[in-house]
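Please read the structure below before turning to the comments.
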Amino acid sequence: MTQALVVRPVGGPMNGVPAVPGSKSQTNRALLCAALAEGTSRLSGVLFADDTAAMLEAVMSLGCDVRIDRHNASLEVTGIGGALNFEELTIDCRSSGTTSRFLLPVLLAGKGKVVLDGSEQLRSRPFGEQMQALRSLGGTLNELGGSDELPIEIIASGLEGGKIKISAANSSQFVSGLMLAAPLFEGGLTVELTDTPVSRPYLDLTIEVMKKFGVVVEEDGDSVYRITEGQYSSTDMMIEPDASAASYFFAASAITQGNIRVKGLHRNSWQGDIQFVDVLEELGAQVTWGPDWIEVQGDRLSGGTFDLGNFSDTAQTLAAVAAFAESEVEIKGIGFIRAKETDRIRAIVTELMKCGVEAIEMSDGLIIKPNTWRLTGASIDTYDDHRMAMSMALLGLRVPRIEIRNSACVSKTFPDFFSVLEDLRPRAAPSTDVVGVAAIDGPAGSGKSTVARALAAELNLPHFDTGAMYRAVAVAAFRQELEFSDASAIAELAKTAEISIGEKIIVDGVDATDEIRSAEVSQLVSVVAANREVRRILVPLQRQWATELGGGVMEGRDIGTQVFPDAVFKVFLTADLPIRAERRFRETEGQTFEDVLKDLQRRDHVDSTRDDSPLEVAPGAVIFDTSNMAIEDVVGELAEMFRSRVEG
Ligand code: DC
């Protein structure tokens, strides 16, 4: 269970139709209702994972007969039909909150003695509000460990219902459990919510499933539920794909500029977590709602403030997406997720910060201030929380060296997560792509030129240094003693100067290979590059250059954003400013480190704030922090990514 997995960046848009497993929430509700029903129910589209195995084993230990068909994701459940009698029994709920919170009230309605227990993690999760409500109905519950925690001994001899008041401000599972047990209580049960519940869609889901199994639930306003005493009756039910699990794929599409469709989900889905796609849409992704599918197409992502109180299981997914957004994202209304598998707010903030994301922990959520330049690989702790593993893996789709520790914790709800994700890895055949260009962008000193040159050699492809073009124009301007502030004169020069870029750089017939790297040229070239007219002339030349040679490795500042936005492979190289300055300092003579640092800062500023084609991370590009890496390693990893991208 301690296996670490490194997610390899995809380097291109992820497209496809992932095999999303069945909804955990529906599976566990339906399984319990089927177990309590008279007759045989057939459930299809079922999730097989730790959380549902916990419920499955529990209902079997209560005497249910279950035929399992994993291959077809279906179950045939012959219920116990109200005969809820047990001898001394211990039920292990593993780490499943739903199993434990649903079974506690149900078991109290039976007859016998049973201990409800679970993993260390589940033992540390709260049960107090639910226990209090059950005790108020006369139930006998004895904590065998900590107060309000598992293991809990249940001494059951049937339970009279009546009316209870309960808060669902911390977990809707307490209320769902009471509702699921309510038909077994003598006289049924009226549940009154004392405040606004979190995750209300889960209460609606509980009611829908109960109704499907023939139980009467009356809703009085939005805070009172009346459930009549009665019997669940068997039925056949098709479980939807899990909307929380689907969120990772929608997110993958959004952050890699891909196009991913999940079948079996639609606007009228029973699961609240489908609202996650509305958030993606608000951020800038394009969403299409089909009759029986949802499709997300990635696009530039802006920021915004989002209340995820009703679909909090997608909060970590959104936090991971936010790392790639163009402005601040605030996630609020989710204070209660601190009591899930782990303190999810603290956990996601901690792990995002390891990856260079500025994330601020708030009492009821978090704020992410994205700066894609600073994203970097890290070893991610997952806190035995499947959602930490799956959401942080999303960063790995664009950031090399994201290592997910204890990746096997995804087995709680999605054992095949990593292989389903891998199935979406994009493969491009260079011959069918527009041009087989590997676009390498990044600020000065990021290692771009050295890496691009070495990568081209390694891949046996042409190398195109577009910066040399801007530098050559600057050389021509120097030679003619033009004023750099004279934009139209410089633009005219870009048109008329004869520039040849190859082994040697020739400007108007004279070798300028060394001259283009001089301190004066380096200082003033950013003015040339910020000249809109100059770019209008040089960019088409760059396209022509690569197209004529059938593609290759092209480096610059705007290759992935402007020159070849459809490049098969896009990379943004980055490194910490002092490290970049150090690299430049070693290459230059006659300048102090301070001067080099200041000059870099100034160039970063000019390059990234200019109106035309500012230096920015191209949508979907791999963001590679080379700060602490040897160039050979960077090249080696990029070559591997490129090959797997174009050769499969
Ligand atoms: O990569 P370099 O330092 O040789 O680039 C020289 C200048 O040209 C630098 O100011 C960035 C700019 N440049 C650009 O704006 N667009 C490119 N595609 C390449 C370079």
Work out how much length Ser608 to Ala457 would gain on full extension: take 0.36 nm times their residue separation and subtract the Cα-Cα distance, in nm to one decimal.
51.5 nm
For the chain, build the charge dipole from Cβ charges (+1 Lys, Arg; -1 Asp, Glu) around the Cα centre, then report which of Val46, Gly221, Trp289 sits farthest towards its positive end.
Val46
Could you list Asp50, Asp69, Asp558 so that the one with the fewest beta carbons within 10 Å of its beta carbon is first and the one with the most is last?
Asp69, Asp50, Asp558
Taking each pair of different alpha-carbon atoms in region 311-380 once, compute 1/r for the pair, average those values, and report the inverse of that mean as the Kirkwood hydrodynamic radius in Å to one decimal.
11.8 Å
Is the C-alpha gyration tensor of region 221-356 telling us rounded, prolate or oblate? Criteria: a/c under 1.5 is rounded; beyond that, a/b larger than b/c is prolate, otherwise oblate.
oblate
Debye equation applied to the C-alpha atoms of region 382-464, log10 I(q)/I(0) at 0.15, 0.27 Å⁻¹
-0.77, -1.28
When the dipole is taken about the Cα centre of the chain, and only Lys, Arg (+1) and Asp, Glu (-1) are charged at their Cβ, what size is it in debye, to the nearest 20?
500 debye
For region 310-446, what does the alpha-carbon gyration tensor say about shape, rounded, prolate or oblate, given a ≥ b ≥ c as the root eigenvalues, a/c under 1.5 as rounded, and a/b over b/c as prolate?
oblate
Residues in region 558-576 that a label on Arg374 would reach, taking backbone N under 18 Å of a point 7 Å out along Cα→Cβ:
573-576
Sites Glu88 and Val224, calculated FRET efficiency, Cβ-Cβ separation with R0 30 Å, nearest 0.05:
0.20
Remind me, relative contact order of the chain in percent, using alpha carbon pairs under 8 angstrom and six or more residues apart?
14 percent
Please report the spacing between the Cα centers of region 479-542 and region 360-407 in Å, no decimals.
42 Å
Could I have the simple spin-label model distance between Gln3 and Asp278, label points 7 Å from Cα toward Cβ, reported in nm to one decimal?
3.9 nm
Which ordering of Phe250, Phe86 is given by a fewest-first count of other beta-carbon atoms within 10 Å?
Phe86, Phe250
Label model pair Glu647, Ile506: point-to-point distance (7 angstrom along the Cα→beta-carbon line) in nm is 3.6 nm
If you place +1 on the Cβ of every Lys and Arg and -1 on the Cβ of every Asp and Glu, how big does the dipole about the Cα centre of region 18-175 come out, in debye to the nearest 20?
480 debye
Return P(r) of the chain (all Cα-Cα pairs; 10 Å bins starting at 0; whole %; ordered from short to long distances).
3, 15, 23, 20, 14, 10, 8, 5, 2, 0
With each label point set 7 Å from Cα along the Cα-Cβ vector, what nm distance links Asp423 and Glu186?
5.2 nm
Calculate the FRET efficiency for Met60 and Met238 from the Cβ-Cβ distance with a Förster distance of 22 Å, rounded to the nearest 0.05.
0.50
Hey, fewest Cβ within 10 Å first, where do Phe585, Phe593, Phe324 land in order?
Phe593, Phe585, Phe324
Of Pro400, Ile367, Ser327, which is farthest on the positive side of the dipole of region 304-425, counting Cα position, with +1 on Lys and Arg Cβ, -1 on Asp and Glu Cβ, and the Cα centre as origin?
Pro400
Positive end of the dipole of region 1-66, charges at C-beta (+1 Lys, Arg; -1 Asp, Glu), about the Cα centre: which of Ser61, Asn28, Pro9 has its Cα farthest in that direction?
Pro9
Between Lys113 and Ala339, the FRET efficiency computed from the C-beta separation at R0 = 41 Å comes out, to the nearest 0.05, as 0.90
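Here, each number is a calculation from the coordinates, and none is a lab measurement. These numbers come from a predicted model, not from an experiment. Every residue, glycine as well, gets a Cβ built from its backbone with ideal geometry; the counts of neighbours run over all protein chains shown.
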